[in-house]
Amino acid sequence: MIQLLTLIKNNWGVFTLLSLVVITASSLWPVEKLPLLPGTDKLHHIIAYAILMFPVALRKPEKWMLFGLFFIAYSGGIELVQPYVNRYGEWLDLLANTAGVICGFAVARAANLLIQSELK
């Protein structure tokens, strides 16, 4: 587990960029019908944005909070664009995305504590 966390921490930029690309593509790709996945739409938003925020918060770059605010603003932009690509923009999705950013930060904080305790 520690090795995986260290891998993510050391390559946080790659993981973050990859997550952002996947979120953008899956949010803006026109579809006739959303795929059936377990869980609710809002839960999917929370998970996606937690995954997005996790590497940044795990690495804790100097401006991690600005990254989080950017991710929230970016998700708002996606919600505004979605009606133009045959998707539905919802403000509750923005709220779920914000919750995901906060959850990603909290899980990364716990992971950093785990890493520190293992290194002692």
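The values are calculated or read from the model by the stated rules, or taken from the named source; none is laboratory data. Keep in mind the model is a prediction, meaning the values are calculated, not measured. Using ideal geometry, Cβ is built from the backbone for each residue, glycine included, and neighbour counts are taken over all protein chains shown.
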> Applying the selection to the range 35-54, what residues are outside any loop (DSSP other than H, G, I, E, B) and either out of contact with any Phe, Trp or Tyr (no Cβ under 9 Å at 6 or more places or on another chain) or at pLDDT below 85 (or both)?
Replying inline: D41, K42, L43, H44, H45, I46, I47, A48
>> Taking the conditions exactly as written (of a type outside the set (A, V, I, L, M, F, W, C) and either surrounded by fewer than 19 Cβ atoms within 10 Å (Cβ to Cβ) or out of contact with any helix residue (DSSP H, G or I) (no Cβ under 9 Å at 6 or more places or on another chain) (or both)), does D93 satisfy them or not?
In response: no
